[in-house]
1. Among the residues of the stretch 60-72, how many are within 28 Å of SER115 (Cβ to Cβ) and open to solvent by 90 Å² or more (accessible area, probe 1.4 Å)?
2. Taking the residues in the stretch 90-126 that are under 15 Å from the mean Cα position of the chain (by Cα) and among the polar types (S, T, N, Q) as candidates, determine which candidate is modelled with the lowest pLDDT.
3. Say we look at the stretch 22-33 and pick out the residues that are open to solvent by 100 Å² or more (accessible area, probe 1.4 Å) and of a type outside the set (D, E, K, R); which of these is nearest to the chain's Cα centre (by Cα)?
4. If I ask for residues that are surrounded by 11 or more Cβ atoms within 10 Å (Cβ to Cβ) and part of a loop (DSSP other than H, G, I, E, B), which ones from the stretch 1-21 would you list?
5. Quick check, is ASP66 modelled with pLDDT under 90 and at positive phi?
6. What's the number of the condition ARG64 fails, among (1) within 13 Å of the chain's Cα centre (by Cα); (2) in a helix (DSSP H, G or I)?
7. What are the residues in the stretch 34-58 that are in contact with a helix residue (DSSP H, G or I) (Cβ under 6 Å, 6 or more places away or on another chain) and surrounded by 17 or more Cβ atoms within 10 Å (Cβ to Cβ), if any?
8. Within the stretch 73-102, which residues are among the hydrophobic types (A, V, I, L, M, F, W, C) and open to solvent by 60 Å² or more (accessible area, probe 1.4 Å)?
Amino acid sequence: PELETMVIPYNGLQTIFDIHNTIESSQSVAILKDRPVGQEATVKVRFFNDQMRIPIAGFKLAKRFDIPVTVFFGRFEGGNRYHVYSDALEFEPGASLEQMAQIYMDQVADQCRQSPYNWFNFYHYWLNESEEKPRDLSSTS
């Protein structure tokens, strides 16, 4: 119940200010964004031998406010066991949003190699060859 009071709900532009205030008070902010929602701004990244688009909002915040980015992964290992892994992402000064996003996706790819069956839900995020949007596989059986 206490954790719920720490969640920053989406409230339009005010959300950005809430996130900034939280960071300024030396607290961490987690943004669970490995896939786009709706018309959210994205960049194209390489994922294994293909491409996909991922959201850039978290990278924009990190760049704008010069804050560190840490990734967390929870890999299911069977039964009730999970392996939780975290790592600070390191970006060159002046890195572009595309470069930041690619460094993140390289970490995701590493996790996929270690535990490929934990990532089955990524299948429809690869891009169509003829389009700039993710494949729609919702009608396939």
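1. Just the residues of the stretch 60-72 that are within 28 Å of SER115 (Cβ to Cβ), to begin with: 62, 68-72.
Checking the rest, the ones that are also open to solvent by 90 Å² or more (accessible area, probe 1.4 Å) come to 68, 72.
Going through the stretch 60-72 one residue at a time, the tally reaches 2.
2. Looking at the filtered set, the residue picked out is ASN121.
3. Here is the first cut: in the stretch 22-33, the residues open to solvent by 100 Å² or more (accessible area, probe 1.4 Å) are 24, 26, 28, 32.
Next, from what is left, pick out any that are of a type outside the set (D, E, K, R): 26, 28, 32.
On the way: SER26: 22, SER28: 16, LEU32: 6 Å.
Ranking the candidates gives LEU32 first.
4. ILE8, the sole residue that qualifies.
5. Details: modelled with pLDDT under 90: yes; at positive phi: yes.
Yes.
6. (1)
7. Selection gives VAL43, VAL45, PHE47, MET52, ILE54, ILE56.
8. Once the filter is applied, which keeps residues that are among the hydrophobic types (A, V, I, L, M, F, W, C) and open to solvent by 60 Å² or more (accessible area, probe 1.4 Å), the stretch 73-102 yields PHE76, VAL84.
The values are calculated or read from the model by the stated rules, or taken from the named source; none is laboratory data. Remember, it's a predicted structure, so these values are computed and weren't measured experimentally. Note that each Cβ is placed from the backbone with ideal geometry, even for glycine, and that neighbours are counted across all protein chains shown. Ligands, DNA and RNA are stripped out before the accessible areas are found, and what is left, the full protein with its side chains, is counted by its heavy atoms. Shrake-Rupley method; radii C 1.70, N 1.55, O 1.52, S 1.80 Å.
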